[in-house]
Amino acid sequence: MATLIVREAKSRSPFRLPHMICLNGRPLGVLGKIGKEALKPQLKSVPAQANIALPAGRYTVRIQSMIKWISSTIELDVSETQPAVVEFDHKEFWWDLLFLGDIIAWIVQLFVTFDNPWNIVYEVVSNGAFLIWLIHQFRIRNKYFSFKVLKDE
């Protein structure tokens, strides 16, 4: 039997969400911590990894976020001689940081009211940033993760 290793790259963000692994269009399972374990701080956690035993051949691996429409796909050959190692990373760190800043500003705005004209300026900038982030996420929804096939693992 050949081995396929799917591994999450070292993340820059302190929170890691679980991801679903699909092989040739069929879900295999969830990679990462779920439930209460996902909410605990993971400051020095080891990246999640799945070891999959399967016959040698060509496979399509899809990593899907828990948000169903965000995913990425890669095709690769798995041989009997050495394990195929696929490392994936979410490449939208700066965009997600923009969204997080916008959400924090929105929460602050719930408790603090700005005088005119600053409330209008805030609404235009905040809603504009959110719209740009949403359009960007929709455009890249099928190529959200970047893949790296590692050799000699």
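Readers should treat all values here as calculations from the given coordinates under stated rules, not as data from a laboratory. Values in this document were obtained by computation on a predicted structure and should not be read as measured data. Cβ coordinates were reconstructed from backbone atoms using ideal geometry, including for glycine residues, and neighbour counts include every protein chain displayed.
Loop-resident chymotrypsin sites (Phe, Trp or Tyr not before Pro) (DSSP state other than H, G, I, E or B) in region 81-116 with no more than 13 further Cβ atoms inside 10 Å of their Cβ: 114. Just so you know, the Rg over Rh for region 47-153 is 1.20, from Cα atoms, with Rh as the Kirkwood radius.
Working from the alpha-carbon coordinates of region 94-135, get Rg over Rh, Rh being the Kirkwood radius.
Working: Rg = 10.6 Å, Rh = 10.6 Å.
So for region 94-135, dividing Rg by the Kirkwood Rh gives 1.00.
Considering only 69, 104, 116, and ranking their Cα positions along the charge dipole of region 57-116 that arises from unit charges at the beta-carbon of Lys, Arg, Asp and Glu, the one farthest toward the positive end is 69.
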